[in-house]
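The values are calculated or read from the model by the stated rules, or taken from the named source; none is laboratory data. Since this is a predicted model, take the numbers as computed values, not measurements. Here the Cβ is made from the backbone with ideal geometry for all residues, glycine too, and neighbour counts use every protein chain on show.
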C-alpha cells in the first residue's frame, strides 16, 4: 500500500534561515512518481516538483532543492534563505505509475511559518 | 499548458440544498478526473475517481448518492453535493489526468471552498 509520511506538522523559522521539510514514502511498486506541492492560504495547490523513481539526481531550482534517496525512501525539500512568502502548507505526494489512472496519495502536510 | 479550471471558488449554501462544482480541462483531454476533499488543517483525501464515460469509483466511506460525479466529456467533470449539511463544509479540489500526464504530472484545479449554513 502507498503511504506518505511528513513527520513535521509545523515548522517556524525566521526569515533567511534554511529549512528542510522531510518526506518518507512507502510503496511496493518499482515505478512511481514523487511530488511536492505548496498550498498557500488561498488554497490552490502550486506544483513545485515531480521526480520519477528512476531519477535519483538531486535538483535545485533557485532557493529550492530536493534530495531524493531511494535507499531511505525519502524525498526531502530544502528552502534556502527562507522568505515570508514561503509561508504555506507543503505537501509531499506519491503516485504509482503501474496502474493507469492511479491517483495521488498525499502526506499530511507541513505548515511552514516564516517569521520576519 | 495543462490548465484545469474549477468553479466556483467559493460557495455558501443552505442546509438541505444541492451544490454543483465544475472542473474543466482547458487545453487537454482529461481521461481521468479525481475529486479530493480537504478539511481544515488536514491533508487532501481522495473521494472518487472518474473516467470519461464511466461511472465514478468512490473511496470507502464516501457516499456515492450524496456526492454525484459526472464525467460526460473529456473536458468536464462535475461534483454535486446533494442535500448538503454543515459537516459537508470543506475544500473540494479536482485534478485531471490526460494521456500525457505521466510525463508532466497531474494538474489540479484551484479548489472550491464550500460552506453549508
Which pairs do you get when a residue that is part of a loop (DSSP other than H, G, I, E, B), found in region A:1-24, comes within reach of a residue that is surrounded by 17 or more Cβ atoms within 10 Å (Cβ to Cβ) and modelled with pLDDT under 95, reach meaning Cβ atoms under 7 angstrom, with the pair 6+ apart or on two chains? A:2/A:27; A:2/A:94; A:2/A:96; A:2/A:105
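Name every residue in region B:22-38 that is in contact with a strand residue (DSSP E or B) (Cβ under 9 Å, 6 or more places away or on another chain) and more than 12 Å from every other protein chain (Cβ to nearest Cβ), in order of residue number. Before you say what the answer is, go through the steps one by one.
Here is the first cut: in region B:22-38, the residues in contact with a strand residue (DSSP E or B) (Cβ under 9 Å, 6 or more places away or on another chain) are B:22-26, B:28-38.
Across region B:22-38, the qualifying residues are B:22, B:23, B:24, B:25, B:26, B:28, B:29.
Being loosely packed, with under 13 Cβ neighbours inside 10 Å and farther than 23 Å from residue A:94 by Cβ narrows it down to one of B:84, B:72, so name that one.
Working: B:84 fails: loosely packed, with under 13 Cβ neighbours inside 10 Å.
The conditions single out B:72.
I need a count of the residues in region B:60-71 that are more than 18 Å from residue B:95 (Cβ to Cβ) and in contact (Cβ under 8 Å) with a residue 12 or more places away in the chain. Can you show your working first?
To start, the set of residues in region B:60-71 that are more than 18 Å from residue B:95 (Cβ to Cβ) comprises B:60-61, B:63-66, B:68.
Those left that are additionally in contact (Cβ under 8 Å) with a residue 12 or more places away in the chain: B:64-66, B:68.
Here the count works out to 4.
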So residue A:111 fits all but one of (1) away from chain B (no Cβ under 11 Å); (2) farther than 30 Å from residue B:50 by Cβ; (3) modelled with pLDDT of 95 or more; what number is the exception? (1)
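Against the condition closer than 22 Å to residue A:95 by Cα and more than 14 Å from the chain's Cα centre (by Cα), how does residue B:43 come out, does it pass? First the steps, then the outcome.
Numbers: closer than 22 Å to residue A:95 by Cα: yes; more than 14 Å from the chain's Cα centre (by Cα): yes.
Yes, satisfied.
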As an exercise: evaluate residue B:42 against (1) away from chain A (no Cβ under 11 Å); (2) surrounded by fewer than 17 Cβ atoms within 10 Å (Cβ to Cβ); (3) over 16 Å from residue B:73 (Cβ atoms) and give the number of the one condition it does not meet. (1)
Residue ID - modelled with the lowest pLDDT, chosen from residues in region B:45-72 that are in a strand (DSSP E or B) and over 21 Å from residue B:18 (Cβ atoms): B:51
Out of all the residues in region B:77-97, is one or more away from chain A (no Cβ under 13 Å), without any contact (Cβ under 8 Å) to a residue 60 or more places away in the chain and more than 18 Å from residue B:45 (Cβ to Cβ)? yes
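Test residue A:34 against the criterion of being buried (at least 17 other Cβ atoms within 10 Å of the Cβ) and under 19 Å from residue B:107 (Cβ atoms), and give yes or no. I'd like the intermediate steps shown before the answer.
Details: buried (at least 17 other Cβ atoms within 10 Å of the Cβ): yes; under 19 Å from residue B:107 (Cβ atoms): yes.
It is true that residue A:34 is buried (at least 17 other Cβ atoms within 10 Å of the Cβ) and under 19 Å from residue B:107 (Cβ atoms).
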